[in-house]
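Have a look at the structure below, then the notes.
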Amino acid sequence: MAYTNAQFVRMLTGDSGIPGRDVTSGDAVSREFYLSTVPVLADAAAVYVGGTLKTEGGAADYTLDDVTGRLYFAVAPAAVTGNVVVIYLAVQFRDADVAEACRQVGLDSTLTASTGEPAAAYRAAVMLCLSKAAELATTNAGESAAWAARADALRLRASTLGGMTAGATKREDGYSQDRKATDVQVSGTNPRRRYYGEEDRLP
């Protein structure tokens, strides 16, 4: 599966979405409804009326505002109890906020996460976490501290990124070297063992 930069940044913040399910009843008149939790992840909602999956779009069955949670039907659902069901992913950050964080660190939010500087996505995630910490500072100190701690962890990770490398292998004589061929033999001229195809050398 290919992730966009925006999706990867959202994953780094831990904001991949919490499933939500709203159920309401049509009355054959009302076309406007509102989700109970916002914002929601764009293009991740499924809307059913009478058990039939509806199509989103301006000229289709309904439109959904990801920020306000406004659900507007082209045709009012019939007057049946519990016939309107919406399944969605509630998130902490609006898509526009994630896209702006990506832009500020030089990432195109719509491109795949394989493009751009690896640490940039972490910096974008740090920005989002700090903004959430500031938002909650006066209303929920515990949540604010948690977001700030997540930002610190991401900042540390960003500072140590260097790409994938071979794992270091600890030799039995206490020295370390990069992982190589697993040739372990006894040297005829040296009673010490030879590790990974190389003679023992003092560091």
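The values are calculated or read from the model by the stated rules, or taken from the named source; none is laboratory data. Remember, it's a predicted structure, so these values are computed and weren't measured experimentally. When we count neighbours, we look across all protein chains shown, and the Cβ atoms used for this are built from the backbone with ideal geometry, even at glycine.
Worth a mention:
- Condition met for Phe73 (surrounded by 14 or more Cβ atoms within 10 Å (Cβ to Cβ), over 30 Å from Leu111 (Cβ atoms) and touching a Leu at 6+ places or on another chain (Cβ under 9 Å)): no
- Residue match in the range 108-126 (condition: part of a helix (DSSP H, G or I), among the β-branched types (Val, Ile, Thr) and under 16 Å from the mean Cα position of the chain (by Cα)): yes
- So Ala6, is it assigned to a loop (DSSP other than H, G, I, E, B) and not β-branched (Val, Ile, Thr): no
- From the options Tyr48, Tyr62, Tyr3, residue that is touching a Lys or Arg at 6+ places or on another chain (Cβ under 6 Å) and either hydroxyl-bearing (Ser, Thr, Tyr) or on the phi > 0 side of the Ramachandran plot (or both): Tyr62
- Of the residues Val38, Val9, the single one that is touching a Cys at 6+ places or on another chain (Cβ under 7 Å) and of a type in the set (A, V, I, L, M, F, W, C) is Val9.
- Just one of the listed residues (Ser30, Ser16) is at pLDDT below 95, hydroxyl-bearing (Ser, Thr, Tyr) and part of a loop (DSSP other than H, G, I, E, B), and it is Ser16.
- Restricting attention to the range 50-95, the residues that are touching a Gly at 6+ places or on another chain (Cβ under 7 Å) and more than 30 Å from Glu135 (Cβ to Cβ) add up to 7.
- Enumeration of residues in the range 53-107 that are assigned to a helix (DSSP H, G or I), modelled with pLDDT of 95 or more and either aromatic (Phe, Trp, Tyr) or under 19 Å from Tyr34 (Cβ atoms) (or both): none
- A single member of Asp66, Asp152 is crowded, with 18+ Cβ neighbours inside 10 Å and of a type in the set (Asp, Glu), and it is Asp66.
- Filtered by the rule that a residue be under 19 Å from the mean Cα position of the chain (by Cα) and surrounded by 13 or more Cβ atoms within 10 Å (Cβ to Cβ), the range 40-54 gives Val40, Leu41, Ala42, Ala44, Ala45.
- Residue among Thr37, Thr24 that alone is surrounded by fewer than 20 Cβ atoms within 10 Å (Cβ to Cβ), outside the structural domain of Met127 (by TED's automatic domain parsing), over 27 Å from the mean Cα position of the chain (by Cα) and within 30 Å of Glu143 (Cβ to Cβ): Thr24
- For first residues located in the range 45-64 and outside the structural domain of Gly26 (by TED's automatic domain parsing), partners that are loosely packed, with under 11 Cβ neighbours inside 10 Å and not basic (Lys, Arg) and lie 6+ apart or on another chain with Cβ distances below 6 Å do not occur.
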